[in-house]
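The values are calculated or read from the model by the stated rules, or taken from the named source; none is laboratory data. Please read all numbers here as calculations on a predicted model, not as lab measurements. We place every Cβ from the backbone using ideal geometry, glycine too, and count neighbours over all the protein chains shown. Accessible surface areas use protein heavy atoms only, side chains included; no ligands, DNA or RNA. Shrake-Rupley method; radii C 1.70, N 1.55, O 1.52, S 1.80 Å.
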Amino acid sequence: MSTSASLFTRHPANPLLTPERWPYSINAVMNAAATVVGDETVLLCRVEDRRGFSHLTCARSRDGASNWVVDDHPALAYDGTHPEEEWGLEDPRATYVEELGRWIITYTAFGREGPGVSLAQTEDFKSFERLGMVMSPEDKNAALLPRRIGGDWVLFHRPTSAQGADVWLSRSSDLKSWHSPERVLGRRQGGWWDAARVGMGPPPLETEHGWLVVYHGVRQTVAGGLYRAGLALLDLEEPARVLRRSDEWVLGPNADYEVSGDVPNVVFPCGLVHDAGNDTLFLYYGAADTRIGLATARCSDVLEYLLACPPG
Ligand code: BMA
């Protein structure tokens, strides 16, 4: 039986992507959506330019780990038409929606009002169409489930208010107007590793036991925020119901490329690819807000571990 520390293994090719190997001048690359398109893994990366503003650019690889080819132009960048993106597009997640025959991209649109949640769609990761802002500031860390539940789309997101920063979900019949917010996963208190803030990581993965969730949790320390990743399992038909939640984090900053960078001590997963044939999960994460890392795990081990965790 795996322990929280042994479930995920850092890939020997880490860090997979760094600012130095970008085809144009940038400051940092981090927090990437991940999916498989044809015979390639595509990362839609958050790229921070040397003004401090972010845009999204695709990187592609046959094996999801090596020989990345990075587009020489952004996939989505502020173009003057959406004022809510004036200061950048951040932290994308990608969900393939079979019913629509396309991917829905959820991302943080950062503008003068603060960070909010916007959607875009693509059929090929070559051309993208914006669907506009769906959650007004302050809100971020959005991820869509790949299918409707009870007739509605389900979007996880993280509104921030004086009450705090927890994971909620909202529902919609048209991906435009969202309603019926419900709290899903809260911060724990006091000494817990995820007591300051929590946010959804990649879009949850459907498994026979429930929706597999990787989320990030933050502890506030005298040295700043400490970002780690934990696991949860949500009920398949009632996704606001937490069936299991890991007490311990399963990935935390440890390698040099995670503990030093623009924001030290950050692992921030936004992409999860399931290679079902090989029982393998590929978890892509931003490392220290500067580069991209990959950790792999056996999916069956992760589920076995979670099923032994306490109810959420
Ligand atoms: C969060 C987000 C992420 C970032 C993380 C650590 O609030 O803004 O984009 O990786 O902080 O700085």
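Counting only residues that are open to solvent by 10 Å² or more (accessible area, probe 1.4 Å), closer than 30 Å to Asp49 by Cα and outside any loop (DSSP other than H, G, I, E, B), segment 277-312 holds 3 of them.
Do you know which residues across segment 123-134 are within 24 Å of Asp72 (Cα to Cα) and either in contact with a His (Cβ under 9 Å, 6 or more places away or on another chain) or within 16 Å of the ligand (Cβ to nearest atom) (or both)? Correct list: Arg130 only.
The condition of being modelled with pLDDT of 95 or more, surrounded by fewer than 21 Cβ atoms within 10 Å (Cβ to Cβ) and of a type in the set (Asp, Glu) holds for only one of Asp139, Asp166, that being Asp166.
May I ask you to verify whether Arg46 is open to solvent by 20 Å² or more (accessible area, probe 1.4 Å), within 16 Å of the ligand (Cβ to nearest atom), under 25 Å from Val97 (Cα atoms) and of a type outside the set (S, T, N, Q)?
Numbers: open to solvent by 20 Å² or more (accessible area, probe 1.4 Å): yes; within 16 Å of the ligand (Cβ to nearest atom): yes; under 25 Å from Val97 (Cα atoms): yes; of a type outside the set (S, T, N, Q): yes.
In short, yes.
Please verify whether Gly88 is on the phi > 0 side of the Ramachandran plot, small (Gly, Ala, Ser) and away from the ligand (no atom under 16 Å from the Cβ), treating the condition exactly as stated. For Gly88, the condition - on the phi > 0 side of the Ramachandran plot, small (Gly, Ala, Ser) and away from the ligand (no atom under 16 Å from the Cβ) - is not met. The residues on offer are Leu236, Leu226, and the sole one that is assigned to a strand (DSSP E or B) and surrounded by fewer than 22 Cβ atoms within 10 Å (Cβ to Cβ) is Leu226. When you look at Glu90, is it within 26 Å of His11 (Cα to Cα), open to solvent by 10 Å² or more (accessible area, probe 1.4 Å) and either assigned to a strand (DSSP E or B) or touching a Ser or Thr at 6+ places or on another chain (Cβ under 8 Å) (or both), yes or no? Here the answer is yes, as Glu90 does meet what is asked.
From Thr81, Thr57, grab the single residue that is out of contact with any Pro (no Cβ under 9 Å at 6 or more places or on another chain), hydroxyl-bearing (Ser, Thr, Tyr) and either at pLDDT 95 or above or surrounded by fewer than 24 Cβ atoms within 10 Å (Cβ to Cβ) (or both). So that I can check it myself, show each step before the final result.
Working: Thr57 fails: out of contact with any Pro (no Cβ under 9 Å at 6 or more places or on another chain).
From the options Thr81, Thr57, the qualifying one is Thr81.
Just the residues that are more than 14 Å from the ligand (Cβ to nearest atom), hydrophobic (A, V, I, L, M, F, W, C) and over 21 Å from Val222 (Cα atoms), please, taken from segment 252-293. Result: Leu272, Val273, Ala276, Leu281, Phe282, Leu283.
Tell me whether segment 110-122 contains one or more residues that are more than 16 Å from the ligand (Cβ to nearest atom), of a type in the set (Gly, Ala, Ser) and either within 21 Å of Arg147 (Cβ to Cβ) or in contact with a helix residue (DSSP H, G or I) (Cβ under 6 Å, 6 or more places away or on another chain) (or both). Yes, because at least one residue in segment 110-122 is more than 16 Å from the ligand (Cβ to nearest atom), of a type in the set (Gly, Ala, Ser) and either within 21 Å of Arg147 (Cβ to Cβ) or in contact with a helix residue (DSSP H, G or I) (Cβ under 6 Å, 6 or more places away or on another chain) (or both).
Would you confirm whether any residue within segment 219-230 is among the polar types (S, T, N, Q) and more than 16 Å from the ligand (Cβ to nearest atom)? Within segment 219-230 (the criterion being among the polar types (S, T, N, Q) and more than 16 Å from the ligand (Cβ to nearest atom)), the answer is no, since none of the residues qualifies. Of everything in segment 243-261 that is hydrophobic (A, V, I, L, M, F, W, C) and open to solvent by less than 30 Å² (accessible area, probe 1.4 Å), the residue that is farthest from Asp289 (Cα to Cα) is Val250.
Out of the strands (runs of 3 or more DSSP E) lying entirely within segment 169-208, which hold 2 or more residues that are open to solvent by 20 Å² or more (accessible area, probe 1.4 Å)? Spell out how you get there, then give the answer.
Working: elements: 179-185, 197-200, 205-207.
Where strands (runs of 3 or more DSSP E) fall fully within segment 169-208 and carry at least 2 residues being open to solvent by 20 Å² or more (accessible area, probe 1.4 Å), they are 179-185, 205-207.
Matching residues to (1) in contact with a Phe, Trp or Tyr (Cβ under 7 Å, 6 or more places away or on another chain); (2) within 16 Å of the ligand (Cβ to nearest atom); (3) over 21 Å from Leu233 (Cβ atoms):
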{"position": "Ser136", "(1), (2), (3)": "no, no, yes"}
{"position": "Asp139", "(1), (2), (3)": "no, yes, yes"}
{"position": "Leu144", "(1), (2), (3)": "yes, no, no"}
{"position": "Gly150", "(1), (2), (3)": "no, no, no"}
{"position": "Trp153", "(1), (2), (3)": "no, no, no"}
{"position": "Ser172", "(1), (2), (3)": "yes, no, yes"}
{"position": "His179", "(1), (2), (3)": "no, no, yes"}
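With respect to Tyr305, is the statement that it is among the hydroxyl-bearing types (Ser, Thr, Tyr) and within 19 Å of the chain's Cα centre (by Cα) true? Before you say what the answer is, go through the steps one by one.
Numbers: among the hydroxyl-bearing types (Ser, Thr, Tyr): yes; within 19 Å of the chain's Cα centre (by Cα): no.
The answer is no for Tyr305.
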